[in-house]
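Here's the structure, in structure tokens; my notes come after.
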Amino acid sequence: MSRRGCASLRGANKRHGAMTTLTDSLSLAARLIGGLDADLLAIVLLSLRVSLTAVAIATVIGLPLGALLGLTRFPGRMVVVVLFNTLMGLPPVVVGLGLYLVISRAGPLGWLGLLYSPTAMIAAQTVLVTPIVIALTRQIVESLWEEYDEQLRSFGVGPAGLIATLLWEGRVSLITAILAGFARANAEVGAVMIVGGNIDHYTRVMTTTIALEVSKGDLPLALALGIVLLSIALLINAGVSVAAMRSQNR
């Protein structure tokens, strides 16, 4: 069913007083999902594109940096470790505000014209996810290094080989860390709202749409997107569980 059709149906239901129960809203939400509503699908696809791109960038940056931090010892290392652990809980609105100041017209990167674009949203989510990947990778690699230290040293493995080996050995745990970053990105509201602007058919993602629709009192679309978000989380957790069981069996 199209959004226009659902809108007409919602209007008719309101006129007859039928849109006063949660059951009616859930019914419309199910019809939006079952009918692969065009607007709903566009919002979901944009959300996934933004979040997956941000997680991919954070993974490329975070895995080697986290592994390096887990393997090396240098003055001030604990300060760096504490810093990244702290950044795992970085308030999204602070990230959004900081990025807004940088890419707004008056900011140093204002000439790029990134404000209120999917690129700005990807940048905000990357800033949020990268510390998570770095901190969790550091913990995983450091733990593996304590276990395989003597064995790898006896083989004469070099620094690059150490990082590659330990990342491979910890791949299941690292996948979990990456998925934790994806969950953070996919559930983000504040930062993407500030730098994305929540523009219809351009920067409107699942979380910002839910916030908007609830404020308007339009529950069916908000419920439909909420169901999709929960379904994605369920699929991710199921995938991690299957991967962990297969790894243990091997």
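No value in this document is a laboratory result; all are computed from the given coordinates. Small disclaimer: the values here were computed from a predicted structure and weren't measured. All Cβ positions, even for glycine, are placed from backbone atoms using ideal geometry, and neighbour counts span all protein chains on display.
The phi-based Karplus calculation (6.51 cos²θ - 1.76 cosθ + 1.60; θ = phi - 60°) puts the 3J(HN,Hα) values of the stretch 141-153 at 5, 4, 5, 5, 5, 5, 7, 10, 3, 5, 5, 6, 5 Hz, whole numbers, x for Gly and Pro. Cα axis of helix 219-249 to longest principal axis of the chain: angle in degrees, 0 to 90, nearest 10? With rounding to tens, the tilt is 30 degrees.
Note on Leu68 and Trp168: the model spin-label points, each 7 Å out from Cα along the C-beta direction, lie 2.2 nm apart.
Among Val95, Val189, Val240, the largest mean-square fluctuation in a Gaussian network model of the chain, built with springs joining Cα atoms closer than 10 Å, belongs to Val240. GNM on the chain, C-alpha springs below 10 Å: top fluctuator among Gly197, Gly161, Gly96? Most flexible of the set in this elastic network: Gly161. To the nearest ten degrees, helix 92-103 and the longest principal axis of the Cα atoms of the chain are 90 degrees apart. Calculated mean residue ellipticity at 222 nm for the chain: -26500 deg cm²/dmol, from DSSP H runs with n ≥ 4 weighted as -39500 (n - 2.57), summed, divided by the residue count and rounded to 500. Listed values for the stretch 195-205 are Karplus-derived 3J(HN,Hα) couplings in whole Hz (6.51 cos²θ - 1.76 cosθ + 1.60, θ = phi - 60°), namely 8, x, x, 6, 7, 4, 6, 9, 10, 8, 10, and x replaces Gly and Pro.
Given the C-alpha centroids of the stretch 185-223 and the stretch 114-149, what is the distance between them in whole angstrom? One Cα centre to the other: 24 Å.
Each semi-axis of the equivalent ellipsoid for the stretch 156-241 is √(5λ) with λ an eigenvalue of the Cα gyration tensor; in descending order they amount to 37, 16, 7 Å. Taking the chain as a Gaussian network, Cα atoms linked when under 10 Å apart, which of Val55, Val228, Val195 shows the biggest mean-square fluctuation? Checking each option, the largest mean-square fluctuation is seen for Val228.
With the simple model of a label 7 Å out from the Cα in the direction of the Cβ, Glu146 to Arg105 spans 5.5 nm.
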